[in-house]
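Inspection log for the structure reproduced underneath, given as structure tokens.
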Amino acid sequence: MTLAIFAGSLLGLMALGIPVAFSLIGCGLALMFYLGLTDPPIVVLNMWDGANSYPLLAIPFFMLAGEFMNAGGLTRRIIAMSSAWIGHIRGGLGYVTVFAAVIMASLSGSALADTASLAAVLFPMMRDAGYNRSRSVGLIASGGVIAPVIPPSMGMIIFGVSGGVSITKLFLAGIVPGVLMGLGIMVAWRWCIKSDLMEAEPKASYETRFKATRDAFWALVMPVVVIGGLKAGFFTPTEAAVIAAIYCLFVGMFIYREIPAKKIYPLVISAGETTAVVMFMAAAAAVSAWLITAANIPQDVAHILQPLIPHPRLLTFVLIALGMVIGMGLDMTPTILIMTPVLMPIVRMAGIDPIYFAVLFIMNCSIGLVTPPVGTVLNVVCNVTRVPMSDAIKGVLPFMIAEYGVLLLLVIFPQIVLVPLNWMAP
């Protein structure tokens, strides 16, 4: 009964058009009244505890780093370097898109920010070069959703706090799956363009290539600093976020000189507005998470899935399929906040490595950002490029299938995630 009240109240409130954060609070209140817990301070205290988390402090700083990265010219230089090295290959701008997406993912960790930047710069180039418009939009969107998988990742920070797992290990475990997503998209792109008539771009000279690489050097250093520092244990993910923000600001102001002092305040406000939405949602989710535990909902779900618990791989596949369905209707952050408290006890009960499952779950939520009918990232690309959503859906399908193929590969072969993690973990 408690499971029905939880799901019914949450879905019912969302169906009425109430924002997800308020729906989570309403869902918690419904469970409170059902359990006979009518003490209002419970809601306030849990919201406070949900937001009062040191690891969550990384979110505003990584958001700020992303703002400084885009405003400071780091994004543009990464794309220019990628184009100089591989733009001459047939369909080269497609490979440039994916390569740039992987590098940018290691700088910001925000799918929306990365996708908007890629679309603004690369879509006009692809359109003018005669590339298929819908396919170009689909490629940019599918490349953008690599960002939450490769560190630093907002989704991994939220999952680490909600699920009680090491954020540092999550960051390190996401590197190989994120790169595999990029390779999978490239394979799909090569297959899609095999019958297209398109001319290759002129091959850049080595002088041009090295100049572009030299210009992008400072942008390429940041992921090395962040990931290297995490692996060596020099700093925590929260401290890494502060370092990333300061680094991007320094490069943008004093090296590339594209961030004037008067522009800092609007960038801080923009990052603050995005952070406020995420933090309020985290605070609201803490209410329902506490009541989910009090109502023994994880045990109810475990009872339903009891036949699968002795078969961890099959259980993983079922949970990923469940996440796939939920991801079609919910954005990444609410999906993580709602599902993590329910699924993690079952994952641990089945003996599945929590870090491994977290990476798969984050990948699943990321792909959900381009999955119709909601597809938040797909909407962003359509708004930037003015391409109809119906065309974007057709264009993204081959790349979405490729990403799900990589996810299935990781379900079948967990060692692809676990072996590199054991080597890289501090």
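The values are calculated or read from the model by the stated rules, or taken from the named source; none is laboratory data. The structure displayed is predicted, hence computed values, not measured ones. A quick note on method: Cβ atoms are made from the backbone with ideal geometry, for glycine too, and the neighbour counts reach across all protein chains shown.
Tabulated data
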quantity: Any chance K263 is part of a helix (DSSP H, G or I), touching a helix residue (DSSP H, G or I) at 6+ places or on another chain (Cβ under 7 Å), at pLDDT 90 or above and farther than 30 Å from P398 by Cα; calculated: yes
quantity: Failed item, numbered, when F280 is tested on (1) within 22 Å of A113 (Cα to Cα); (2) over 19 Å from the mean Cα position of the chain (by Cα); (3) in contact (Cβ under 8 Å) with a residue 12 or more places away in the chain; calculated: (2)
quantity: Yes/no for L337 being in a loop (DSSP other than H, G, I, E, B), under 16 Å from the mean Cα position of the chain (by Cα), modelled with pLDDT under 90 and closer than 23 Å to I292 by Cβ; calculated: no
quantity: The listed residue being exposed (fewer than 14 other Cβ atoms within 10 Å of the Cβ) and either part of a helix (DSSP H, G or I) or without any contact (Cβ under 8 Å) to a residue 24 or more places away in the chain (or both), out of V301, V318; calculated: V318
quantity: Residue under evaluation I227, criteria (1) surrounded by 19 or more Cβ atoms within 10 Å (Cβ to Cβ); (2) modelled with pLDDT of 85 or more; (3) within 28 Å of G368 (Cβ to Cβ); (4) of a type in the set (A, V, I, L, M, F, W, C), criterion not met; calculated: (2)
quantity: Any hit, the range 371-383, residues being closer than 17 Å to G144 by Cβ, in contact (Cβ under 8 Å) with a residue 40 or more places away in the chain, of a type in the set (S, T, N, Q) and surrounded by 21 or more Cβ atoms within 10 Å (Cβ to Cβ); calculated: yes
quantity: Which numbered condition I355 fails, given (1) crowded, with 18+ Cβ neighbours inside 10 Å; (2) closer than 20 Å to L139 by Cα; calculated: (2)
quantity: Qualifying residue in the range 62-83 (condition: farther than 22 Å from Y256 by Cβ and out of contact with any strand residue (DSSP E or B) (no Cβ under 8 Å at 6 or more places or on another chain)); calculated: no
quantity: Any chance N52 is under 23 Å from G155 (Cα atoms) and without any contact (Cβ under 8 Å) to a residue 60 or more places away in the chain; calculated: yes
quantity: Subset tally (residues that are in contact (Cβ under 8 Å) with a residue 12 or more places away in the chain and either among the acidic types (D, E) or assigned to a helix (DSSP H, G or I) (or both)) for the range 222-260; calculated: 25
quantity: Total residues in the range 67-101, condition surrounded by 22 or more Cβ atoms within 10 Å (Cβ to Cβ) and either of a type in the set (V, I, T) or under 13 Å from the mean Cα position of the chain (by Cα) (or both); calculated: 7
quantity: Meets criteria (part of a helix (DSSP H, G or I) and either in contact with a strand residue (DSSP E or B) (Cβ under 8 Å, 6 or more places away or on another chain) or touching a residue at least 40 places away in the same chain (Cβ under 8 Å) (or both)) for T293; calculated: yes
quantity: Matching residues in the range 384-426 - criterion: being closer than 22 Å to I150 by Cα and hydroxyl-bearing (S, T, Y); calculated: Y404
quantity: Hits in the range 11-25 - residues which are over 18 Å from V278 (Cα atoms), among the hydrophobic types (A, V, I, L, M, F, W, C) and assigned to a helix (DSSP H, G or I); calculated: L11, L13, A15
quantity: Of all residues making up the range 135-174, the number that are basic (K, R) and out of contact with any Leu (no Cβ under 8 Å at 6 or more places or on another chain); calculated: 1
quantity: Index of the failed condition, Y206 passing every other in (1) at pLDDT 90 or above; (2) of a type in the set (S, T, Y); (3) surrounded by fewer than 24 Cβ atoms within 10 Å (Cβ to Cβ); calculated: (1)
